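Novice: Below: one structure in structure tokens.
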Amino acid sequence: MLQPSEKAYVPFVSVDNMMRLTHHIGIEEMLRGLAGAIEEDFRRWELFDKTPRVASHSEVGVIELMPTSDGEFYGFKYVNGHPKNTGEGLQTVTAFGLLADVYTGYPKLLTEMTMLTALRTAATSAMVAKHLAPKGSKTMAMIGNGAQSEFQTLAMKALIGLENVRLYDTDPKATDKAARNLEGMGVTVTKCKSAEESMEGAEIITTCTADKQYATILSDNMVGSGVHINAIGGDCPGKTELAEAILHRSDIFVEFPPQTRVEGEIQQLAEDHPVTELWQVITGTAEGRRSAGQITLFDSVGFAIEDFSALRYVQKAIKGTEFYQDLDMLADPDDPRDLFGMLRRAQGD
Ligand code: NAD
């Protein structure tokens with residue numbers, strides 16, 4: 001319990017410190033740790049407060065708040081999605097997040113979440129692939145080679161033993177960048193000239209493109225039976241990546257239906273089209289992959305509980321390390337009602 005005279009600071013993890021923490025733990029180890037934390041929270045899905053994220057749309061992008069609570073901690077992430085940003089030398093996605101103590105309402109952690117979102121999105125994809133992709137999958141087509149792509153690839157290596165990645169992007173410079181970044185990371189990289197070529201021999205197809213439109217990254221005739229599709233980029237109203245016909249041939253798995261129906265690939269389908277919630281597959285109350293010929297589709301949009309898990313993971317991981325700064329963001333007058341007196345006494349300090 002905090003004594004009245006003790007100053008309460010909030011640990012803050014900057015981008016620099018998040019990178020140092022990631023290297024201290026090891027990228028693949030951190031991806032496995034995050035996937036474990038997310039899977040654990042999916043197992044306790046029912047006790048979380050759940051709400052679709054609060055989105056503010058503009059013509060060029062979206063700004064979102066993603067809150068949730070497990071009754072002990074409350075967390076939220078601020079995140080944007082602006083596909084036009086890369087053309088201006090800016091990130092498509094940036095984020096920060098906060099974790100608070102439910103009992104006092106006091107913030108307990110403030111952290112950058114641009115890096116952490118890439119890590120948690122990749123960890124979620126790989127955790128889901130562990131449950132749904134064909135057993136022993138070794139090859140992934142990675143379509144869209146932007147900021148998320150290397151994280152996606154490494155998480156699949158760390159969690160399910162992926163050996164080969166086949167890269168494709170409409171911008172060959174993005175593919176060159178991803179290939180360079182993945183050099184020496186233990187995955188065989190093939191640069192491809194078309195989406196079709198990237199899918200040759202792939203058991204897993206990841207689409208991770210950014211375009212604010214109903215895009216057709218995969219058309220129906222491109223997708224053979226038995227594959228697992230990890231669809232990351234369709235995560236906003238009016239922004240999808242798959243031809244509707246593929247959805248009718250797939251068994252569709254989602255995070256939180258009320259959010260995915262508005263934001264995911266399934267915004268193209270009738271509101272009552274059957275989908276399976278991932279937490280039920282993880283707890284064994286719903287079936288995952290049933291047959292070798294089945295197409296499984298993870299219609300990923302990113303849900304608040306994944307960010308909550310990532311915030312809790314970081315909160316534990318920084319304990320006893322130097323990878324954070326103390327922030328003075330809590331007013332602490334000796335008499336809690338004397339906030340104004342504290343302001344007066346500070347005059348001329
Ligand atoms: P980015 O802008 O860094 O990269 C996107 C890449 O897609 C670019 O290299 C672009 O050239 C490429 N691209 C665009 N159209 C294409 C096409 N038709 N075929 C092949 N490549 C194409 O973006 P990012 O940070 O890597 O994010 C990618 C997408 O993932 C975004 O739409 C983002 O909103 C989404 N996202 C989803 C989650 C989630 O949890 N589901 C999390 C983070 C990001």
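The values are calculated or read from the model by the stated rules, or taken from the named source; none is laboratory data. What you see is a predicted model; the values in this text were computed from it and never measured. Cβ coordinates were reconstructed from backbone atoms using ideal geometry, including for glycine residues, and neighbour counts include every protein chain displayed. Quick note on the areas: whole protein, heavy atoms, side chains included, nothing else; ligands and nucleic acids left out. Shrake-Rupley method; radii C 1.70, N 1.55, O 1.52, S 1.80 Å.
Novice: Using a 1.4 Å probe, how large is the accessible area of Asp220, given in Å² and rounded to the nearest 10?
Specialist: So the heavy atoms of Asp220 present about 50 Å² to solvent.
Novice: For the range 96-155, I need the span (max minus min coordinate) of the C-alpha atoms along each principal axis, in Å, sorted largest to smallest.
Specialist: Sorted largest first, the three principal extents are 48, 25, 13 Å.
Novice: Taking 8 Å as the Cα distance limit and 6 or more residues as the minimum spacing, I'd like the relative contact order of the chain as a percentage.
Specialist: Relative CO of the chain lands at 20 percent.
Novice: Moving on. With springs only between Cα atoms under 10 Å apart, run a GNM on the chain and tell me which of Arg32, Arg290, Arg120 wobbles the most.
Specialist: Checking each option, the largest mean-square fluctuation is seen for Arg290.
Novice: Something else now. Let me know the charge dipole size of the chain about its Cα centre in debye, to the nearest 20, where only the beta-carbon of Lys, Arg (+1) and Asp, Glu (-1) is charged.
Specialist: With only Lys, Arg, Asp and Glu charged at Cβ, the dipole is about 580 debye.
Novice: Hey, another quick one. What does the C-alpha gyration tensor say about the overall shape of the range 105-194? Classify as rounded when a/c is under 1.5, otherwise prolate if a/b is larger than b/c, or oblate. All intermediate terms of the calculation are to be shown ahead of the outcome.
Specialist: Values: a/c = 2.40, a/b = 1.41, b/c = 1.70.
Oblate.
Novice: With a ≥ b ≥ c the root eigenvalues of the C-alpha gyration tensor of the range 169-227, is it rounded (a/c under 1.5), prolate (a/b larger than b/c) or oblate?
Specialist: Details: a/c = 2.22, a/b = 1.29, b/c = 1.73.
Oblate, because a/c is 1.5 or more while a/b does not exceed b/c.
Novice: Starting at the first residue of the range 227-242, write each ³J(HN,Hα) from the Karplus equation 6.51 cos²θ - 1.76 cosθ + 1.60 with θ = phi - 60°, in whole Hz, x for Gly and Pro.
Specialist: Each residue's phi maps through the Karplus curve to give 7, 10, 9, 10, 9, 9, x, x, 9, 7, x, x, 9, 9, 10, 10 Hz.
Novice: Are any of the pairs Lys77/Lys135; Lys157/Lys193; Lys77/Lys130; Lys239/Lys316; Lys135/Lys191 more than 32 Å apart by Cα-Cα distance, and if so, which? Display every interim value, and only then the final one.
Specialist: Working: Lys77/Lys135 34 Å; Lys157/Lys193 23 Å; Lys77/Lys130 26 Å; Lys239/Lys316 35 Å; Lys135/Lys191 25 Å.
Beyond 32 Å: Lys77/Lys135; Lys239/Lys316.
Novice: Mind running the shape call on the chain? Use the C-alpha gyration tensor, a ≥ b ≥ c as the square roots of the eigenvalues: rounded below 1.5 for a/c, prolate if a/b tops b/c, oblate otherwise.
Specialist: Values: a/c = 1.95, a/b = 1.76, b/c = 1.11.
Prolate, because a/c is 1.5 or more and a/b exceeds b/c.
Novice: Still on this model: Taking the simple approach of a point 7 Å from Cα along Cα-to-Cβ for both Leu90 and Arg337, what is their distance in nm?
Specialist: Taking the simple label geometry, Leu90 and Arg337 are separated by 4.6 nm.
Novice: Another question about this same structure. Let me cross-check Met115: its accessible surface, 1.4 Å probe, with only protein heavy atoms counted, in Å² to the nearest 10?
Specialist: The value for Met115 is about 60 Å².
Novice: At a 1.4 Å probe, what is the % contribution of carbon and sulfur to the accessible area of the chain?
Specialist: Answer for the chain is 52 percent, counting heavy atoms of protein chains only.
Novice: If I take every Cα pair under 8 Å that is 6 or more residues apart in the range 189-335, average their sequence separation and divide by the length, what percent do I get for the relative contact order?
Specialist: Details: 210 pairs, mean separation 34.4, N = 147.
Averaging sequence separation for qualifying contacts and normalising by length gives 23 percent for the range 189-335.
Novice: Can you give me the relative contact order of the range 29-72 as a percent, contacts being Cα pairs under 8 Å and 6 or more apart?
Specialist: Relative contact order, the range 29-72: 33 percent.
Novice: Step through the residues of the range 40-52 one at a time and calculate ³J(HN,Hα) from phi using the Karplus curve (6.51 cos²θ - 1.76 cosθ + 1.60, θ = phi - 60°), rounding each to whole Hz and writing x for Gly and Pro.
Specialist: Calculated HN-Hα couplings, in order: 4, 6, 5, 5, 10, 3, 5, 8, 7, 5, 10, 8, x Hz.
Novice: Still on this model: Just to confirm, what accessible area per residue do you get for the chain at 1.4 Å probe, in whole Å²?
Specialist: 46 Å²
Novice: Can you list residues whose amide H is under 5 Å from Ala147's amide H, if they're 5+ apart or on another chain and H is modeled 1.01 Å from N?
Specialist: For Ala147, no residues qualify.
Novice: Between Ser225 and Thr104, what FRET efficiency comes out of the Förster formula 1/(1 + (r/R0)^6) with R0 = 56 Å and r the beta carbon distance, rounded to 0.05?
Specialist: 0.55
Novice: Now a separate question. Which whole number in µm²/s is D for the range 240-349 by Stokes-Einstein, with the Kirkwood Rh taken over Cα pairs at 25 °C and 0.890 mPa s?
Specialist: Details: Rh = 18.5 Å.
Value of D from the Cα-based Kirkwood radius: 133 µm²/s.
Novice: In addition: Hey, could you get me the Stokes-Einstein D for the range 1-124, Kirkwood radius over alpha-carbon pairs, 10 °C and 1.306 mPa s, rounded to whole µm² s⁻¹?
Specialist: 97 µm²/s
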